[in-house]
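Below you'll find the structure, written out as structure tokens, and then a few comments.
The values are calculated or read from the model by the stated rules, or taken from the named source; none is laboratory data. Computed from a predicted model, the values in this text were never measured in an experiment. So basically every Cβ, Gly included, is an ideal-geometry build from the backbone, and we count neighbours across all protein chains shown.
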Amino acid sequence: MNWQEVCEDPTLQDLPFKIELNQWGKIEMSPAKNRHTFLQAKVIKYLLQLAKNGEVLPECPIQTTDNVKVADVVWVSDERAKILKNESVSSIAPEICVEIQSSGNTNQEMMFKKNLYLDAGAEEFWFCDEDGNMMIYDKQGLLKQSSLYPDFPLQIEI
């Protein structure tokens with residue numbers, strides 16, 4: 001199955017799960033609890049307050065070497081947004097890709113996604129654990145703060 005087929009399949013509409021495709025074109029679904037959604041909303045809120053240009057988007061599909069993954073939140077520059085806004089799946093990752101850990105996610109899975117997004121062109125990968133702790137990575141590893149948005153908090157309270 002490819003991403004366009006997933007988007008057009010009426011049986012996959014309105015599911016209460018995030019849908020992604022693995023490297024074999026099989027659907028993977030991740031149910032989210034309210035805590036996940038509240039953390040996602042806070043990340044969006046903080047980014048909207050800090051971002052002077054570009055777009056903050058939820059649930060952004062990104063083509064990776066392991067098929068399509070859907071970042072919980074992204075920040076994409078105006079320049080990159082011109083490319084992505086007319087695509088059904090992002091051919092290049094937005095500059096910032098954020099994943100918020102759900103109870104069903106392992107740290108290993110999150111670090112796997114980190115590598116996928118960075119390899120797809122993201123400048124930073126932000127990982128928010130279930131307690132609201134933010135960890136920010138670039139290709140060199142863990143950062144003390146975001147180089148793009150250094151005032152972003154490293155602890156999210158809900």
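Computed values, structure above
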item	result
Which numbered condition C128 misses (of (1) within 28 Å of G25 (Cβ to Cβ); (2) within 11 Å of the chain's Cα centre (by Cα))	(1)
Qualifying positions in segment 110-143 - outside any loop (DSSP other than H, G, I, E, B) and out of contact with any Asp or Glu (no Cβ under 9 Å at 6 or more places or on another chain)	M111, N115, D119, N133, M134, G141, L142
Tally of residues being assigned to a loop (DSSP other than H, G, I, E, B), surrounded by fewer than 20 Cβ atoms within 10 Å (Cβ to Cβ) and of a type outside the set (S, T, N, Q) across segment 53-99	6
Out of N115, N105, sole residue that is closer than 19 Å to N67 by Cα and free of Cβ contacts under 8 Å to residues at least 12 places away in the same chain	N115
Residues satisfying the stated conditions in segment 127-148, i.e. in contact with a Phe, Trp or Tyr (Cβ under 8 Å, 6 or more places away or on another chain) and either at pLDDT below 95 or buried (at least 17 other Cβ atoms within 10 Å of the Cβ) (or both)	F127, M134, I136, Y137, S146, L148
Candidate set: segment 8-38, residues that are within 15 Å of S102 (Cβ to Cβ), modelled with pLDDT under 70 and of a type outside the set (A, V, I, L, M); chosen: the one surrounded by the most Cβ atoms within 10 Å (Cβ to Cβ)	E20
Residues satisfying the stated conditions in segment 90-110, i.e. modelled with pLDDT under 95 and farther than 24 Å from A41 by Cβ	Q108
